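One structure is given below, encoded as structure tokens.
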Amino acid sequence: MLENCCYGENELLVLNLARQGVFGELVHAECAYLHDLRTVLFELGSEGDWRREYHTRLDGNLYPTHGLGPVAERLGVGRGDQFKYLVSMSSPEASLTRYRDRVKPNGGRHAAEKYVCGDINTTLIKTELGRTIVLQHDVVLPRPYSRINALYGTEAVFFDYPPRLSVNDPKMYGLKTEDPEHWLSDADLAVIREKFTHPLWRALAARAEGTGHGGMDFVMNWRLLDCLRRGVTPDSVVYDAAAWSCIIELSVASVAKGSTPVAIPDFTRGLWRSMRPLAIATVS
């Protein structure tokens, strides 16, 4: 329920673009947690302890919510749509074992550990409205950090790392880029940001500057406290927390069954059909 990546500048921008209809009908999303944590995994007395322990027991997507949370909000999962089932598969495990054997961290005390989680896991999610989501996890391969953060609609497509946007009708927004088969220029993307930066980010960016994870931690905490003070529903609730987190166990189950489909529980017990997405958060 404190998924800070929902409050990143680009995540909030794409949420606002989707809510304002810039994407048209939403059909597909791609997201991930791709982060080279090989050094962290062997730091004793830190998050590395539980992360590495997961790699000895579970083969699936071990850290889904950073990528999936923002995507679920854009698609209205739990409020107008719902996860239906997933199919998950993992690559072979190789990189973490090779890193351990080559570096011999902590004086070689981990030599007997056996890692079972594939280097990269890819999970496909189908929603009740027929939309598709690609969700990936990789913390052991040498690559730059990315959460992919992609959204596909009939009128626009966005990809992050670095941020790129293509729109079907650039003239509608007064842009100079004319060909929808090309990403918008930096200048045109700046125009889009000026028009569609999320109200939370626009109001809080200066105060958030220099705080954790590029300011998203500050915005997340501010927003939760704002909801509690005013007695309004937070942007994510317990049903969202359950839906986003259960992907760990369900992806493991799918991998173990040869990548067969696994149903995703409806934690709202059907309320998603009548619930509407919350209004775009503002700062009063």
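Computed from the coordinates by the stated procedures, all read-outs in this text should not be read as laboratory data. Quick caveat: nothing in here was measured; it's all calculated off a predicted structure. Positions of Cβ are generated from backbone atoms using ideal geometry, with glycine treated the same way; all protein chains shown enter the neighbour counts.
Some observations on this one:
- When the Cα positions of Ser90, Ala111, Gly67 are compared along the charge dipole of the stretch 55-118, Ala111 comes out farthest toward the positive end, with charges on each C-beta of Lys, Arg, Asp and Glu.
- Calculated [θ] (222 nm, deg cm²/dmol) that DSSP helices of n ≥ 4 give over the chain, each run adding -39,500 (n - 2.57): -10500 deg cm²/dmol
- Note on Val103/Leu271: beta-carbon distance plugged into 1/(1 + (r/R0)^6) with R0 of 51 Å gives a FRET efficiency of 0.55.
- The phi torsions of the stretch 167-181, fed into the Karplus equation with coefficients 6.51, -1.76 and 1.60 and a -60° offset, translate into couplings of 10, 5, 9, x, 5, 4, 10, x, 9, 8, 5, 9, 9, x, 7 Hz, rounded to whole numbers, with Gly and Pro shown as x.
- Each Lys and Arg adds +1 at its Cβ and each Asp and Glu adds -1 at its Cβ; summed about the Cα centre, the stretch 1-86 shows a dipole of about 200 debye.
- Straight-distance candidates among the lysines for linking to Lys84, with alpha-carbon spacing under 29 Å and chain neighbours fewer than 8 residues away dropped: Lys126, Lys257.
- Loop-resident sites, the stretch 126-181, for GluC sites (Glu not before Pro), counting at most 14 other Cβ within 10 Å (DSSP): Glu178, Glu181
- Dipole magnitude of the chain about its Cα centre (Cβ charges: Lys, Arg +1; Asp, Glu -1), debye to nearest 20: 520 debye
- Checking (i) 36, 24, 16; (ii) 33, 22, 20; (iii) 34, 21, 16 against the coordinates, the calculated semi-axes √(5λ) of the Cα gyration tensor in Å falls under label (ii).
- Remark on Gly118: its backbone amide H falls under 5 Å from those of Gly60, a criterion applied only to residues 5 or more positions apart or on other chains, H modelled at 1.01 Å from N.
- Here the Gaussian network model covers the chain, with springs between Cα atoms less than 10 Å apart; of Ala32, Ala190, Ala150, Ala190 fluctuates the most.
- Loop sites here are trypsin sites (Lys or Arg not before Pro) outside DSSP states H, G, I, E and B with no more than 15 other Cβ atoms within 10 Å. The longest part of the chain free of them is 1-108.
- DSSP-assigned coil residues among chymotrypsin sites (Phe, Trp or Tyr not before Pro) in the stretch 141-207, each with at most 12 further Cβ atoms within 10 Å: Tyr145
- Positive contributions from Lys and Arg (+1) and negative ones from Asp and Glu (-1), summed over other residues with Cβ under 11 Å from the Cβ of Val22, come out at 0.
- Across the options Leu26, Trp50, Ser251, the greatest Cα extent toward the positive end of the charge dipole of the chain (unit charges at beta carbon of Lys, Arg, Asp, Glu) belongs to Trp50.
- Sparsely packed loop sites in the stretch 185-276 (the GluC sites (Glu not before Pro) outside DSSP H, G, I, E and B with at most 13 other Cβ atoms within 10 Å) comprise Glu209.
- Total charge dipole magnitude, the stretch 122-169, about the Cα centre, Cβ charges on Lys, Arg, Asp, Glu only, Debye to nearest 20: 180 debye
- Likely footprinting exposure, Met172, Met89, fewest C-beta neighbours within 10 Å first: Met172, Met89
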